[in-house]
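What follows is a short report on a single structure.
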Amino acid sequence: MTTQMNKSINSIEFPKSTMISVNSIELEVFEAGKENKGKPILLCHGFPENAFSWRFQIPELVKAGYHVIVPNQRGYGKSSCPTEITAYGIEHLTGDLVALLDHYGYEKATFIGHDWGANIVWSLALLHPEKVNKIINLALPYMQRGEKPWIEFMEEIFGPDNYFVHFNRQIGIADAILDENKSQFLGNLFRKNVPLVMPEPGMIMINLAKAEKSLGDPIMNESELAVYISAFEKSGFTGGINWYRNLDQNWHLLADVNPIIKHSALMIYGDQDMIPKSENLTDFVPNVDVVSLDCGHCIQQEKPEETNQAILKWLEQHNE
């Protein structure tokens, strides 16, 4: 199985996109495995990524019998990029996925999310539990709703240079710097085996955009990185950053929502990821299994074979 998967990974053909009107916007959607109609699985990317981040998983999921649907979510690629910050609230991001299911005629689907995409999938299970079959999330565990709004809490703990806080308190500053340095920023961000050093003063995303020297090793080759660069030349970074700018509003929105997710779930961590593992995940997701891989944050791109094996094994074990 590993040898066959290796060959597949080395000869990836990414699906062509289709523009689909949903939820009063247009989404650029990549679809594979139409012959597997009736067994949908939706893949949700993080920041600053896009559907291409799932290039290694799509063909293996199709082989496993799934109809794979991968949107560039609002604010990314050729998908709509509304100008209003509030258009990127969690009710809209999850609403896009519900509308996408409706477009394909599905009542529910299995969802896989990475990074911010994982947050959307957790939130979808809270706001629209009937639309979710199973959950597989990478890197970002369930975010418990505490007593204070998330940005307010982070500002108290981490200070004004934390990038979540900076995105919210200094609107437009980071957007402009990242837009001016797209290639350098993305090239410096998508690295692995980065040595542990004391962080420089300032906001990490801005520092990465301005850094002339990259640390560690590249996660992707130049042609793969060019896909990301081209996509952000189209969309810019503001749409994706606006997801962060709705965190406190999302906190208010979830005030009266039952915080327990009862769906079967798989949580995949990268042992070298800077995002800490949840110490109380089963308190909120009681039916979760946990897998850890020896990699950093970009799990499915750093360790595609191991990620695919973990996903496919879990799906087989939890087959309806």
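The values are calculated or read from the model by the stated rules, or taken from the named source; none is laboratory data. Since we're looking at a predicted model, the values are computed, not measured. So basically every Cβ, Gly included, is an ideal-geometry build from the backbone, and we count neighbours across all protein chains shown.
The set of residues in region 276-289 being within 18 Å of the chain's Cα centre (by Cα) and not basic (Lys, Arg) consists of Pro276, Ser278. Within region 220-245, being crowded, with 22+ Cβ neighbours inside 10 Å and outside any helix (DSSP H, G or I) holds for one residue alone: Phe237.
The residues in region 176-202 that are over 22 Å from Gln301 (Cβ atoms) and within 21 Å of the chain's Cα centre (by Cα) can be counted, and the count is 1. Residue check: Asp273 meets all listed conditions (1) under 17 Å from the mean Cα position of the chain (by Cα); (2) part of a strand (DSSP E or B) but one, namely (2). Quickly run through region 83-139 and pick out the residues that are farther than 18 Å from Ser278 by Cα, outside any strand (DSSP E or B) and of a type in the set (S, T, N, Q). Scanning region 83-139 gives Thr83, Thr86, Thr94. Listed by first and then second residue, the pairs linking a residue in region 252-263 that is assigned to a loop (DSSP other than H, G, I, E, B) and of a type in the set (Phe, Trp, Tyr) to a residue that is exposed (fewer than 12 other Cβ atoms within 10 Å of the Cβ) and at pLDDT below 95, with Cβ atoms under 8 Å apart and 6 or more places separating them unless they lie on different chains, form an empty list.
Checked against the criterion of being closer than 27 Å to Ala176 by Cα and in contact (Cβ under 8 Å) with a residue 40 or more places away in the chain, region 211-221 has at least one qualifying residue. Among the residues of region 119-148, those identified as over 19 Å from Gly95 (Cβ atoms) and surrounded by fewer than 17 Cβ atoms within 10 Å (Cβ to Cβ) are Gln144, Gly146, Glu147, Lys148. Cβ-Cβ contacts under 6 Å between residues 6 or more apart (or on different chains), taken from a first residue in region 99-114 that is over 11 Å from Cys44 (Cβ atoms) to a second residue that is basic (Lys, Arg) and surrounded by 21 or more Cβ atoms within 10 Å (Cβ to Cβ), are listed as Thr110/Lys134.
For the residues Lys213, Lys192, Lys182, the requirement of being modelled with pLDDT under 95 and farther than 18 Å from Asp273 by Cβ singles out Lys213. Filtering region 15-43 to residues that are under 18 Å from the mean Cα position of the chain (by Cα) and either β-branched (Val, Ile, Thr) or at pLDDT below 95 (or both) leaves Val29, Ile41. The number of residues in region 292-308 being in a loop (DSSP other than H, G, I, E, B), farther than 19 Å from Leu186 by Cα and touching a residue at least 40 places away in the same chain (Cβ under 8 Å) comes to 0. Of all residues in region 70-93, those satisfying the criterion of being within 21 Å of Trp122 (Cα to Cα), free of Cβ contacts under 8 Å to residues at least 60 places away in the same chain and out of contact with any Phe, Trp or Tyr (no Cβ under 7 Å at 6 or more places or on another chain) are Pro71, Gln73.
What is the residue count in region 83-110 for residues that are over 26 Å from Glu35 (Cα atoms) and either among the acidic types (Asp, Glu) or surrounded by fewer than 16 Cβ atoms within 10 Å (Cβ to Cβ) (or both)? Adding up the residues that qualify gives 4. With respect to the stated conditions, Ala265 is under 19 Å from Trp122 (Cβ atoms) and under 19 Å from the mean Cα position of the chain (by Cα). Scanning region 274-291 for residues that are within 29 Å of Leu186 (Cα to Cα), in contact with a Pro (Cβ under 7 Å, 6 or more places away or on another chain) and surrounded by 15 or more Cβ atoms within 10 Å (Cβ to Cβ) yields a count of 1. Residues considered: Ile151, Ile177, Ile157. Of these, the only one that is free of Cβ contacts under 8 Å to residues at least 60 places away in the same chain, over 24 Å from Gly270 (Cβ atoms) and in a helix (DSSP H, G or I) is Ile177.
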